[in-house]
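*Asks:* Take this structure, written in structure tokens, and hold onto it; I'll ask about it next.
The values are calculated or read from the model by the stated rules, or taken from the named source; none is laboratory data. Everything quoted here is computed from the prediction, not taken from an experiment. Neighbour counts are summed over all protein chains in view; Cβ atoms, including those assigned to glycine, are modelled from backbone coordinates with ideal geometry. We work out accessible area using only protein heavy atoms, side chains counted, and drop any ligands, DNA or RNA first. Shrake-Rupley method; radii C 1.70, N 1.55, O 1.52, S 1.80 Å.
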Amino acid sequence: SELLGMASRHRCHPEVPVLKAVGNRVINGQIDLVVARPDGLVVIDYKTDAAGAGIPHLAAHEARVRAYMEVLAEATGQPVIEGWLLFCRRDGQPAESWPVRPA
């Protein structure tokens, strides 16, 4: 995928743990890949669902990536410039990437 091609040209941090209390909820998870570009950080979350807007729980996936972006920016003091869902295909077709806009 073009997204992983971009990642291959920069320093990457796989499986970054995230844990933070935010109000009455806790954000607890793992960022699959953080890419450190010169202009800021990129969050990539891998999914194995069928790709595209029709997948179940797309809004929930996007909300999780937004939460990861927010926590990562606060923890590092660096701008998080992009978030992505990367749908990995099981049928041999190319992966599809889905941008996640910040809140």
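*Asks:* Accessible area per residue, 1.4 Å probe, Å², for the chain: what's the number?
*Replies:* 59 Å²
*Asks:* Classify the chain: rounded, prolate or oblate, from the alpha-carbon gyration tensor (a ≥ b ≥ c, eigenvalue square roots; a/c under 1.5 rounded; otherwise prolate if a/b is larger than b/c)?
*Replies:* oblate
*Asks:* Want the number for V22 to R9: 0.36 nm per residue separation, take away the alpha-carbon distance, what's left?
*Replies:* 1.3 nm
*Asks:* Measuring from label point to label point, each 7 Å out along Cα→Cβ, what is the T48 to A75 span in nm?
*Replies:* Between T48 and A75, the label points sit 2.4 nm apart.
*Asks:* When the accessible area of the chain is split by element with a 1.4 Å probe, what percent falls to carbon and sulfur?
*Replies:* Carbon and sulfur atoms account for 52 percent of the accessible area of the chain.
*Asks:* Quote the charge dipole size of the chain about the Cα centre in Debye, to the nearest 20; the model charges only the Cβ of Lys and Arg (+1) and of Asp and Glu (-1).
*Replies:* 120 debye
*Asks:* Evaluate the distance, in nm, between pseudo-label points positioned 7 Å from the Cα of E2 and of D91 along their respective Cα→Cβ axes.
*Replies:* 2.2 nm
*Asks:* Go ahead and estimate [θ] at 222 nm for the chain from helices alone: -39,500 (n - 2.57) per DSSP H run with n ≥ 4, summed, over the residue count, rounded to 500.
*Replies:* -8000 deg cm²/dmol
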